[in-house]
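Chemist: Got a structure for you, questions after.
The values are calculated or read from the model by the stated rules, or taken from the named source; none is laboratory data. Small disclaimer: the values here were computed from a predicted structure and weren't measured. Note that we place each Cβ from the backbone using ideal geometry, even for glycine, and neighbour counts take in every protein chain shown. These area figures cover heavy atoms from the full protein model, side chains too; ligands, DNA and RNA do not enter into them. Shrake-Rupley method; radii C 1.70, N 1.55, O 1.52, S 1.80 Å.
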Amino acid sequence: NNVYFVLHNLDLGLWSGKTIMNIYRLAGIATLGSMAILIGAFFFEYVLGYSACKMCIWQRWPHAVAILIGLILLTTRIKSLSAFGFLSLITTSVIGFYHAGVEYKWWEGPSSCSSNINTEISATDLLNQILNAPITRCDDVVWDLFGISMAGYNGILSLILSAIWLIIFLNKEK
């Protein structure tokens with residue numbers, strides 16, 4: 001398998017356990033990565049005043065799970081927990097990429113947090129629909145850097161962190 005070959009030949013000492021970059025340090029890096037992403041999200045929301053939409057909140061939960069898994073793995077040294085770290089980060093990565101697609105109008109998002117307003121209803125029902133619409137919609141890019149939204153960055157960074165969890169899981173070190 002080409003992916004295994006590439007990962008195996010990175011040779012950062014990940015496979016032998018004989019260098020300073022052992023699986024427990026990698027678990028620490030992955031755990032700190034999720035912590036940094038969550039701290040960043042809370043900073044943007046509570047310090048800079050960017051409101052989080054429903055899908056933004058969905059992306060946070062897998063990071064919280066990955067942090068918990070990382071702390072348990074680092075405490076107990078049960079390496080098989082890394083599979084759950086991988087699944088958590090892949091989950092938030094998929095949600096992040098999906099959310100970015102919704103923000104950039106590549107596909108529709110959930111009707112519960114997008115601006116899909118049905119105009120073929122009575123004026124009273126339309127007004128109620130508008131008044132009950134979420135304040136922060138999932139289909140708006142509220143911040144971006146180099147054309148990539150926060151959801152897009154979450155997708156990218158979480159994919160990188162999930163690769164770290166996968167390396168830990170595939171590593172032969174006990």
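Chemist: Taking segment 60-81 as the region of interest, how many residues are among the small types (Gly, Ala, Ser) and crowded, with 16+ Cβ neighbours inside 10 Å?
Modeler: Final tally of qualifying residues: 2.
Chemist: Looking only at segment 95-111, which residues are at pLDDT 85 or above and more than 22 Å from residue 146 (Cβ to Cβ)?
Modeler: The answer is none; no residue qualifies.
Chemist: Still on this structure, I have one more. Considering only residues of segment 42-55 that are assigned to a helix (DSSP H, G or I) and in contact with a Phe, Trp or Tyr (Cβ under 9 Å, 6 or more places away or on another chain), which is surrounded by the most Cβ atoms within 10 Å (Cβ to Cβ)?
Modeler: The qualifying residue surrounded by the most Cβ atoms within 10 Å (Cβ to Cβ) is 55.
Chemist: Checking the condition open to solvent by less than 70 Å² (accessible area, probe 1.4 Å) and modelled with pLDDT of 95 or more, which residue from 16, 34 passes?
Modeler: Selected residue: 34, the only one of 16, 34 that is open to solvent by less than 70 Å² (accessible area, probe 1.4 Å) and modelled with pLDDT of 95 or more.
Chemist: Within segment 141-171, restricting attention to residues that are β-branched (Val, Ile, Thr) and assigned to a helix (DSSP H, G or I), which residue is nearest to residue 101 (Cα to Cα)?
Modeler: Checking each candidate, the answer is 156.
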